[in-house]
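Written below as structure tokens is the structure these notes are about.
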Amino acid sequence: MSEVTMTKDMSCTTRMFLLRLALVAVIVVAVTVALRAGGPKCVAGTNYFDPTMTGQALVWPAGSITFYTDQGDLSPAFPNASANNLIASAFSVWTSVPTAAVAANSGGLLAEDVNGTNVTVNGDGTISMPADIQSTATGTPVGIVYDYDGAVTSALVGAGAGDASQCFFNAVTGGNDNYESPATYGHGLIVINGQCAQQASQQTDVEYRLVRAIGGVLGLGWSQVNVNVQTGAPYPTSDDYAGFPVMHFTDLRNCVPITLCYANPYQLSMDDVAEVSRLYPVTAQNQAQFPGKQITASASARIHGSVYFTLD
């Protein structure tokens, strides 16, 4: 057991969910709102990464992720085999994008049942955990923990974070925690809180949050496209809902269950598809490694510029 700590000099571009409101003492005729589509979560900095990679988006080498799953059950409603099926389904949302050279494969089981007995907070505030889910465990590139009673979530996020009352925020937590010099990810950890999967009816909510977490592990940042789906200004149309990205920043608190707000919560929008394809393009050189995929440049177009809206 050892403390999980890591410091890397890097520049992360975090796509925050913002609306700029102008408050002035005179009559305002119009205000522009700056919105950003999806982009990379992190880019390489200058002091740790290969200098030739400065400014490049971080991705998984060759677009391939190997994940290892917990030996235990997620919950009484989701025993180990069912939890493994949930993981495979969530990964397939991203790997099935026809223009994205990304693949996810199960490497098998972690060496143990990860739980509150082997993930603990020490007296000095450091955290002890099994070696194969630590940030240095590049031999198990993505560890997936089934946190049966929420104890692991509480240890990693904070006291009480694993309670059933916190599922809106902490049903699925984790992300990337190791970075390699060629501007690639070296390790990631995803923790699924079993307190949020006590009934089969909770599967959609958990899978939705799992798909978003996997998007982050793949390297996608947050998007601000079609925020009127949440703000209601202007009133959203069916096209707005269809274009609302899975990788938006946050959800409204009344979205419980999530289908109250989104009929197909983890159906990727064009923005999601475009971003994962941009990070992991299918090319003539790698197409053979991704059977059935389409060369990205041949199946898409690129436009750029600025779009301005006015607020009355």
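The values are calculated or read from the model by the stated rules, or taken from the named source; none is laboratory data. Note that the coordinates shown come from a computational prediction; the quantities given were computed from them, not determined experimentally. Note that each Cβ is placed from the backbone with ideal geometry, even for glycine, and that neighbours are counted across all protein chains shown. What goes into the accessible areas is simple: the full protein's heavy atoms, side chains included, and nothing from ligands, DNA or RNA. Shrake-Rupley method; radii C 1.70, N 1.55, O 1.52, S 1.80 Å.
Numbers for the structure displayed
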read-out	value
Count of residues meeting criterion [small (Gly, Ala, Ser) and in a strand (DSSP E or B)] in segment 159-178	2
Condition check for ASN80: within 22 Å of CYS196 (Cβ to Cβ) and open to solvent by 20 Å² or more (accessible area, probe 1.4 Å)	yes
Residue selected from segment 237-251 under the condition surrounded by fewer than 18 Cβ atoms within 10 Å (Cβ to Cβ) and not hydroxyl-bearing (Ser, Thr, Tyr), by the criterion farthest from the chain's Cα centre (by Cα)	ASP239
Pairs with Cβ under 6 Å, 6+ apart, first in segment 88-113 and in contact (Cβ under 8 Å) with a residue 60 or more places away in the chain and under 20 Å from GLN289 (Cβ atoms), second open to solvent by 20 Å² or more (accessible area, probe 1.4 Å) and of a type in the set (A, V, I, L, M)	PHE91/ALA104; VAL97/VAL273; THR99/ALA299
Any hit, segment 260-277, residues being under 30 Å from TYR148 (Cα atoms) and in contact with a helix residue (DSSP H, G or I) (Cβ under 6 Å, 6 or more places away or on another chain)	yes
Which listed residue is within 20 Å of the chain's Cα centre (by Cα), modelled with pLDDT of 95 or more and open to solvent by 50 Å² or more (accessible area, probe 1.4 Å), from ALA88, ALA161	ALA88
Of all residues making up segment 190-215, the number that are small (Gly, Ala, Ser), open to solvent by less than 10 Å² (accessible area, probe 1.4 Å) and in a helix (DSSP H, G or I)	2
